[in-house]
1. Checking the structure you have, find out if any residue of the stretch 385-396 is without any contact (Cβ under 8 Å) to a residue 24 or more places away in the chain and more than 23 Å from residue 235 (Cβ to Cβ).
2. Please identify the pairs in which a residue from the stretch 419-436 that is crowded, with 17+ Cβ neighbours inside 10 Å has its Cβ atom under 7 Å from the Cβ atom of a residue that is part of a helix (DSSP H, G or I) and at pLDDT below 70, counting only partners at least 6 apart or on another chain.
3. What's the total number of residues in the stretch 174-214 that are under 27 Å from the mean Cα position of the chain (by Cα), at pLDDT below 90 and within 18 Å of residue 29 (Cβ to Cβ)?
4. How many residues are buried (at least 19 other Cβ atoms within 10 Å of the Cβ) and at pLDDT 80 or above when one looks only at the stretch 1-20?
5. Would you mind stating whether residue 54 is over 22 Å from residue 159 (Cβ atoms) and surrounded by fewer than 21 Cβ atoms within 10 Å (Cβ to Cβ)?
6. If residue 366 satisfies every condition in (1) under 22 Å from residue 252 (Cα atoms); (2) part of a helix (DSSP H, G or I) but one, which is the exception?
């Protein structure tokens, strides 16, 4: 089996994802400042969440959870991987065309189901209009995800990881151009650019796949035995892979009854999605084809080692982020978003949601590490059952607590459901045997990582007392935030080395080894 440089591959995907998320922050700062929390932004967020929700099912979630392991095993065995991918692409395109056509007709029903609090005011009609423009994005981005799965299975991660950068670059450029010609045109620029950006991403990964030697061709969709098996695996994965998005949707339904709450949750979601995307999604993308190939080759020991080191890296990078989001959310939100139409009241509300999401960040990221254990074995039914439990927990808490504490119940429910989902995944993985469990080194270091992160949190609290006055001055608050983040990170890595939570020499050696 061809060796996979696990850490370097994760860093490749994570690096491109980090660039995409930084540009995403620029995009979201521009949206919150040029549009601002209110009816127009609420309508845009609700409309854009529709194709994003289906993307989790047809792209990163259901389809890739089923497609990547099957394609990886055929690639390992030399069993006509191109023919299988061409069949899958044709079938997926056919389903997506039907979905887009239905969405154009029934968009008012889609908006009502996902944001029923909009019904009867101006947000509803705007969300319907915006939704009809942006929904075709799902067609292009889902096909792009298939080509990305082909590339990832072949160990080529750069082009697929770089593709999302195009979306944010195009959105920032068109928003900036629209703002110069008249602020009222910013939202129009946003919604019309989204499907064009999806097409650009598809073209990029299609060219990369051609250069990698994969020539996929459109065929007449046919429900062959292989495609039936793909569908059987993909249907339960639709929920298992997109459970976080579904829970966020439930939160949006609750928040839509409170003016501005949809925008606050959106801004908070973008902030905690940065470490989730850079670490969790990157690890999941690399780990799934690697575990699938190792399973085909009978390399159980290598699979367990890859799972444990990926989980270890996940904890090293995300637990301190979670602590930071809980301890210092206010300066983060204030510096990144508070300007223009985004007021201090919006900052306070968004910071509260950031702290709630931060408590669940390790669970969200670890899910991306544990789920490939099931997907690599083409078992999507177990995660499906666990996702059902987590969704019920999320809905009960979000709706029940909203009666007492209002919109913030949505963020709390998402976090609790994330931990429930992770607990069920770990329990289910243990039942598969020793090769699907984290090893002793992982268990030894996990508590040390948590200890170093908590000590870093104390350092951050002390730094806030020293740097707090600087955040009151517009010219100094960016410097204050950079000092806060930089000194906090330095303290974490120093403390982590002291308590032996990790070793810098091991990171260096992992980058050198295949």
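1. Yes, the stretch 385-396 contains at least one residue that is without any contact (Cβ under 8 Å) to a residue 24 or more places away in the chain and more than 23 Å from residue 235 (Cβ to Cβ).
2. 421/243; 429/436
3. Residues flagged as under 27 Å from the mean Cα position of the chain (by Cα), at pLDDT below 90 and within 18 Å of residue 29 (Cβ to Cβ) within the stretch 174-214 amount to 7.
4. Residues in the stretch 1-20 being buried (at least 19 other Cβ atoms within 10 Å of the Cβ) and at pLDDT 80 or above: 2 in total.
5. Values: over 22 Å from residue 159 (Cβ atoms): yes; surrounded by fewer than 21 Cβ atoms within 10 Å (Cβ to Cβ): no.
So residue 54 does not fit the description; no.
6. So residue 366 meets the others, but not (1).
The values are calculated or read from the model by the stated rules, or taken from the named source; none is laboratory data. Only a predicted model underlies this, so the values are computations on that prediction, with no experimental measurement involved. All Cβ positions, glycine included, derive from the backbone under ideal geometry; neighbour counts span all protein chains shown.
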